[in-house]
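Only one structure is covered here, and it is reproduced in the block below.
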Amino acid sequence: MSKLETLPIRRSGRTGECRERGFTLLELLVVLAILGLLIGLVAPAVLRQLGHAKEEIAHQSIERLGGVLDIYKLDVGSYPTTEQGLQALITRPEGVRHWHGPYLKGAKLPEDPWGHPFVYRSPSERQGHDYDLYSLGPSGRPGGQGEIENE
C-alpha cells in the first residue's frame, strides 16, 4: 500500500453501517451548567470594573476641563461665570476680551461617562476653590451617590 492511499474506515454495528459519534444531552447540559457558573462568577467582577473605569474617566475629564479652564483664565483674566458656563470654552462670551478660543474641539460640550453634562459653577461654593466642576455620577441627579468633583 502506498502512503497516498487512504486507510479503510472502521465500521461498527451491522455490516456496511457507519456509526457517527456525537454529544449526548447530558454532556451538553453539563457544559451549559459550567458556562453558567463561570458567567455568574465573572460577570459581577467585570461590571464592577466597568463602573470603576467610568469613575476614573470622569476624574480625568474633570482634570482635563480644569486645565482648559486654567488656559481660559490665563487668556481672559478670570474663569467663566456660572451664566457663561463651559460654553465659554467653545464660543466667545459677549463682552470678553482676549478670548483666544475655542478651547475645546467640536461644537458640543463634553459629557460625563454616563451621558450627563458636567456641572460648572463660578465662583465656587467651596472654600479654597475658584470654581466647582463636577459630574453628577450615574444617577444624573444633584445630591445622588457617586458625585465626582474637581479637587
Item checked: Residue in the range 57-66 that is at negative phi and over 21 Å from the mean Cα position of the chain (by Cα) present -> no
Note to self: On the basis of being assigned to a helix (DSSP H, G or I) and among the acidic types (Asp, Glu), does residue 94 make the cut?
What the structure shows: no
Notebook entry, point to check: Which of the residues spanning the range 71-108 are of a type in the set (Ser, Thr, Tyr), under 22 Å from residue 129 (Cα atoms) and surrounded by fewer than 17 Cβ atoms within 10 Å (Cβ to Cβ)?
Noted result: 78, 81, 82
Next item on the list: Look at the range 105-138 and say how many of its residues are in contact with a Leu (Cβ under 9 Å, 6 or more places away or on another chain) and not in a loop (DSSP other than H, G, I, E, B).
Entry: 5
Notebook entry, point to check: In this structure, does residue 60 turn out to be closer than 25 Å to residue 147 by Cα, modelled with pLDDT under 80 and not aliphatic (A, V, I, L, M)?
Noted result: no
Check: Is it true that some residue in the range 123-140 is acidic (Asp, Glu), closer than 23 Å to residue 75 by Cα and surrounded by 15 or more Cβ atoms within 10 Å (Cβ to Cβ)?
Finding: yes
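The values are calculated or read from the model by the stated rules, or taken from the named source; none is laboratory data. These numbers were taken from a predicted model, which means no experiment stands behind them. Ideal geometry is used to build each Cβ from the backbone, glycine not excepted, and the neighbour counts take in all protein chains shown.
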